[in-house]
Amino acid sequence: MNDRPRSRSAPFQRRLWLFSFILGFLAACQMASFKTPTAFPPPSPTQISTMTPTLLSDISSMNARLGRGVNLSALEAPNEGEWGVILQAEYFQKIAAAGFTSVRLPVRFSAHASVEPPYTISPDFLARVDWAVQQALENNLAIVIDMHHYLEMMSEPVQQKERFLALWAQIAEHYRDYPPEVMFELLNEPNQALTASLWNEIIAEALTVIRRTNPTRPMIVGPVNWNAHDSLVDLRLPQNDQYLIVTFHYYLPFPFTHQGAEWVEGSDAWLGTTWNGSAEEQQAIQADFAEVAAWAREENRPIYLGEFGAYQKADMASRQRWTNFVARQAEANGFSWSYWEFCAGFGIYDPRQHTWRTDLLQALLPTSMP
Ligand code: BGC
């Protein structure tokens, strides 16, 4: 890459913090006045006001600051570019100009750190993450640094725990002076051997480590079973930590969103599955989101729908309907959201033509077009 970042001085960081704080506040205020979507009923003014920030230091306001986002996939491949995407400065500019307020950055830290103590993260790789973070902040986008595809944590969590905690200690130290618009997501989609009871213990231990250097950093944590909404009931969070945002991922009906997905065995049989927005189809999603909202009220935690999307092999009209409906339902329930993803297999942007897939963009942001 010819536009690699350089490390930044503390005064620069402070200025950047102040700058992004002010811009962030203005953007967050603006979010409260977003216009109504087209195909499905818009959220009511009361629902919108639940997303309106009062003070940025408050965790619900920080969740509102995430607002409407998109996953920028690239650094979750074993090496950037291996899955077809290399991050470009232009992507951040376009995402912001289209009207998104945040990006989620999936990062495979585990592929760029020593496997022996002290498990040092490669400085070059960390500098690349810094570059992405800086691009986001310069474009007034909040950014979620998400630990993604740590596959060994899923297969042997007990053996990997020490390394996982050491990675977080380094990341937390590195970003400790960054503004609150830089948020951490503990681990994407815990699954397999990472059972609910084990995951709950690891969450508590990881938060103890991270809070030493980042006492008020917005932290995003989700349930086991690939962040499934119906596993929220198994999630136990430290009661005294007031800076947590809870995430879930939504890809239902799975045979629709993952038809023909190369990484899902048997999914070719689902090709041709449509999503028509029938009353029954809508109600299924509404019921799932109502469950999440009820959990959130009970637990008093803000919710971030960190991934949702339909693969490119589904027909575009169905993808547009489903994407619009899910995004509007998230908003109606006061959830921030991040579409999966920008310019790969679920992409809303064509990186070869440098153009938006406007059907999908409009489904996400009905009133804002570049
Ligand atoms: C995975 C991606 C996958 C997506 C949809 C993400 O969490 O990391 O590899 O494409 O979910 O299945």
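Kindly evaluate L305 against the criterion of being within 16 Å of the ligand (Cβ to nearest atom), touching a residue at least 40 places away in the same chain (Cβ under 8 Å) and either closer than 15 Å to G69 by Cβ or open to solvent by less than 10 Å² (accessible area, probe 1.4 Å) (or both). Walk me through how you get there before you give the answer.
On the way: within 16 Å of the ligand (Cβ to nearest atom): yes; touching a residue at least 40 places away in the same chain (Cβ under 8 Å): yes; either closer than 15 Å to G69 by Cβ or open to solvent by less than 10 Å² (accessible area, probe 1.4 Å) (or both): yes.
Against the criterion (within 16 Å of the ligand (Cβ to nearest atom), touching a residue at least 40 places away in the same chain (Cβ under 8 Å) and either closer than 15 Å to G69 by Cβ or open to solvent by less than 10 Å² (accessible area, probe 1.4 Å) (or both)), L305 qualifies.
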* Asked: So which residues in segment 166-181 are under 16 Å from V129 (Cα atoms) and assigned to a loop (DSSP other than H, G, I, E, B), if there are any at all?
  -> Y175, R176, D177, Y178, P179, E181
* **Residue satisfying all of: in segment 252-263; in a loop (DSSP other than H, G, I, E, B), open to solvent by 30 Å² or more (accessible area, probe 1.4 Å) and under 19 Å from A228 (Cα atoms); farthest from the ligand (Cβ to nearest atom) among these** => P253
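Does S60 count as modelled with pLDDT under 95, away from the ligand (no atom under 16 Å from the Cβ), more than 16 Å from Q170 (Cβ to Cβ) and open to solvent by 40 Å² or more (accessible area, probe 1.4 Å)? Outline the logic, then answer.
Numbers: modelled with pLDDT under 95: no; away from the ligand (no atom under 16 Å from the Cβ): yes; more than 16 Å from Q170 (Cβ to Cβ): yes; open to solvent by 40 Å² or more (accessible area, probe 1.4 Å): yes.
No: the conditions fail for S60.
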* Could you give me the residue pairs with C-beta distances under 9 Å whose first residue belongs to segment 338-365 and is under 17 Å from A97 (Cβ atoms) and basic (K, R), whose second residue is in a loop (DSSP other than H, G, I, E, B) and within 15 Å of the ligand (Cβ to nearest atom) wherever it lies, and which are 6+ apart or on separate chains? => R357/G347; R357/I348
* Members of segment 348-370 that are surrounded by fewer than 22 Cβ atoms within 10 Å (Cβ to Cβ) and in contact with an Asp or Glu (Cβ under 9 Å, 6 or more places away or on another chain) -> H354, W356, R357
* Asked: What is the number of the single condition among (1) open to solvent by 20 Å² or more (accessible area, probe 1.4 Å); (2) in contact with a helix residue (DSSP H, G or I) (Cβ under 7 Å, 6 or more places away or on another chain); (3) within 16 Å of the ligand (Cβ to nearest atom) that G266 does not meet?
  -> (2)
* **Among residues of segment 68-87, those that are in a loop (DSSP other than H, G, I, E, B), within 18 Å of the chain's Cα centre (by Cα) and more than 15 Å from the ligand (Cβ to nearest atom), counted** => 1
* To do: Specify which of the listed residues (R163, R217) is surrounded by 18 or more Cβ atoms within 10 Å (Cβ to Cβ), part of a helix (DSSP H, G or I) and not β-branched (V, I, T).
  => R163
* Does V103 satisfy the criteria of being within 16 Å of the ligand (Cβ to nearest atom), surrounded by 24 or more Cβ atoms within 10 Å (Cβ to Cβ), over 26 Å from R163 (Cβ atoms) and in contact (Cβ under 8 Å) with a residue 60 or more places away in the chain? -> yes
* Asked: Is there a residue in segment 232-252 that is free of Cβ contacts under 8 Å to residues at least 40 places away in the same chain and touching an Asp or Glu at 6+ places or on another chain (Cβ under 7 Å)?
  -> yes
* Tally of residues being closer than 27 Å to A142 by Cβ and outside any loop (DSSP other than H, G, I, E, B) across segment 182-198 -> 4
* **Subset of segment 321-341 (residues that are buried (at least 23 other Cβ atoms within 10 Å of the Cβ) and in contact with a helix residue (DSSP H, G or I) (Cβ under 8 Å, 6 or more places away or on another chain))** => W322, T323, V326, Q329, A330, F335, S336, W337, S338, Y339
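Consider A294 carefully, then state whether it is of a type in the set (A, V, I, L, M, F, W, C), surrounded by fewer than 18 Cβ atoms within 10 Å (Cβ to Cβ) and more than 17 Å from the chain's Cα centre (by Cα).
Yes, satisfied.
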* Asked: Would it be correct to say that L207 is part of a helix (DSSP H, G or I) and surrounded by fewer than 23 Cβ atoms within 10 Å (Cβ to Cβ)?
  -> yes
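The values are calculated or read from the model by the stated rules, or taken from the named source; none is laboratory data. Since the structure is predicted, the reported quantities are computational estimates derived from the model, not experimental observations. All Cβ positions, even for glycine, are placed from backbone atoms using ideal geometry, and neighbour counts span all protein chains on display. For accessibility, only protein heavy atoms count, side chains too; no ligands or nucleic acids. Shrake-Rupley method; radii C 1.70, N 1.55, O 1.52, S 1.80 Å.
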